[in-house]
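Before any comments, here is the structure.
The values are calculated or read from the model by the stated rules, or taken from the named source; none is laboratory data. What you see is a predicted model, and the numbers here were worked out from it, not measured in a lab. Note: ideal-geometry Cβ built from the backbone for every residue, glycine included; neighbour counts use all protein chains shown.
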Amino acid sequence: MNDLVVVGRDQFYITRFTWFRSFVWIRLSHWLHIPEGAILFYDGDQVMRALPDSYFLLNGINASPDKKTIYVAELGTKIIHALQRDDKLTTTWYVDSAVDNIEVNQETGDLWIGSHPVLRIKLRGGVMTSLEEIYADDGDELTASTVAAYGAGKVFIGSLFTQTVVCDVKYLTKN
């Protein structure tokens, strides 16, 4: 398991990064680009696949404020998936970045993505209206960002290898 999001009492989705437990098999499957990741759903009684597809290196998962849409980061393809829970339709957005965890701003519905660089996806009616690079670095200050969250005019960035970075955000697009 890589990440999970709760969507109701005793209900949650998880992303499974790989089937394998052996480091050698994990590295081999990555090298061969084997799409073995899955989105799993627990309905309070049993675990089932949310979608029958396999994914290449699934990472973060989160839900829209109304819990009707599930967002999933697929590192291996540099794609964010938006799964509509009621009809299982999926929209994909290619973001050309190594996407990791997804935070959802509960007031605006914007997606904040730990990545290389840190990204913000502005949504309106389930449609991406803008993709912004919020923070980028040559690795001197921040290496391997894993999560980004916005609040109080600041972006908080977590990292796999270095300390947390907190930055003032002076401008965000409105559309």
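Structure notes:
- Among the residues of segment 8-53, those that are of a type in the set (Phe, Trp, Tyr), surrounded by 11 or more Cβ atoms within 10 Å (Cβ to Cβ) and more than 23 Å from Ile80 (Cα to Cα) comprise Phe20, Trp25.
- Restricted to segment 155-173, and to residues there that are assigned to a loop (DSSP other than H, G, I, E, B) and among the β-branched types (Val, Ile, Thr), the residue that is surrounded by the most Cβ atoms within 10 Å (Cβ to Cβ) is Thr162.
- Verdict on Ser22 being touching a Pro at 6+ places or on another chain (Cβ under 7 Å) and either more than 27 Å from Glu133 (Cα to Cα) or assigned by TED's automatic domain parsing to the domain that holds Leu119 (or both): no
- Counting only strands (runs of 3 or more DSSP E) that sit wholly inside segment 54-145, those with at least 3 residues that are crowded, with 17+ Cβ neighbours inside 10 Å and touching a residue at least 40 places away in the same chain (Cβ under 8 Å) are 58-63, 69-74, 79-84, 102-104, 111-113, 118-124.
- Filter result for Asp87 (over 15 Å from the mean Cα position of the chain (by Cα), assigned by TED's automatic domain parsing to the domain that holds Asp3 and modelled with pLDDT under 95): yes
- Verdict on Ile14 being of a type in the set (Val, Ile, Thr), closer than 17 Å to Ile113 by Cβ and part of a strand (DSSP E or B): no
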